[in-house]
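Before any comments, here is the structure.
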Amino acid sequence: MAEPQVEVRRSKRRRQTVSAYRDGDKVVVLLPARMSRAEEKRWVADMLSRLQRSEVRRRSPARDSDEALAERCRELSAKYLDGTAEPTAIKWVPPMRTRWASCTPSEGTIRVSRRLRDVPGWVLDYVLVHELAHLLVPGHGPAFWKWVRRYPKTERAIGYLEGLSAAAHLDLGLDDDADVVDAKG
Ligand SMILES: [Zn+2]
């Protein structure tokens, strides 16, 4: 993982606590105002490694293999789609130029970009629910979103993916309508 850009913010109200969070491709570290430069350096390094460890923990087990991905889809379909979405094949594919993932409803196949292997599990889950829902409803109409929004972190995940796409200077979407419509016809 590349070293992220770090922004240090000092606060007079903050006395003891140090915290850090990721904001796009940047990490913001909040420190008490009175901390010395040496302490700041130590804390920034410490918070970066803690943040990285927690991000690694939050990754999905589905990142490991196509089998793990298929297993996660079964769980998500059972939980949010009444177990009705069953892909015939699902696999990790090399990074695609414009898409995070895609689905061919007529064949029941789903492809997920390896760019998503390191995102938090709840973001990957959203992508999988989205693609699985296309097996039930091909386009992006109200019936489609009604299924997808059963997954409670849908809005947050959409925001996360938009941020990731902007940070990487990519113009990535989940799947383009054209592909889904073509597959339907
Ligand atoms: Zn879609």
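Report the residue count in region 88-125 for those that are under 14 Å from the mean Cα position of the chain (by Cα) and within 11 Å of the ligand (Cβ to nearest atom).
Going through region 88-125, the residues under 14 Å from the mean Cα position of the chain (by Cα) turn out to be 99-101, 112-125.
Filter once more, keeping what is within 11 Å of the ligand (Cβ to nearest atom): 99-101.
Final tally of qualifying residues: 3.
Quick one: in region 143-160, of everything that is buried (at least 19 other Cβ atoms within 10 Å of the Cβ) and assigned to a helix (DSSP H, G or I), which residue is farthest from the ligand (Cβ to nearest atom)?
Narrowing region 143-160 to residues buried (at least 19 other Cβ atoms within 10 Å of the Cβ): 147-148, 151, 157.
Checking the rest, the ones that are also assigned to a helix (DSSP H, G or I) come to 147-148, 157.
Values: TRP147: 11, VAL148: 8, ALA157: 13 Å.
Here the residue is ALA157.
What number goes with the only condition from (1) within 23 Å of LEU161 (Cα to Cα); (2) surrounded by 14 or more Cβ atoms within 10 Å (Cβ to Cβ); (3) not basic (Lys, Arg) that GLY108 does not pass?
Only one criterion in (1) within 23 Å of LEU161 (Cα to Cα); (2) surrounded by 14 or more Cβ atoms within 10 Å (Cβ to Cβ); (3) not basic (Lys, Arg) is unmet by GLY108, namely (1).
So VAL137 clears everything in (1) within 11 Å of the ligand (Cβ to nearest atom); (2) in contact with a strand residue (DSSP E or B) (Cβ under 9 Å, 6 or more places away or on another chain) except one condition, right? Which one?
Only one criterion is unmet by VAL137, namely (2).
Looking at region 53-64, can you tell me whether even one residue there is among the β-branched types (Val, Ile, Thr) and modelled with pLDDT of 90 or more? Explain how you work it out, then say what you get.
The initial filter retains those residues of region 53-64 that are among the β-branched types (Val, Ile, Thr), namely 56.
Within this subset, residues satisfying the condition of being modelled with pLDDT of 90 or more are none.
Looking through region 53-64, none of the residues is among the β-branched types (Val, Ile, Thr) and modelled with pLDDT of 90 or more.
The values are calculated or read from the model by the stated rules, or taken from the named source; none is laboratory data. A quick note: this is a predicted structure, and the numbers were derived from the prediction, not measured. Cβ coordinates were reconstructed from backbone atoms using ideal geometry, including for glycine residues, and neighbour counts include every protein chain displayed.
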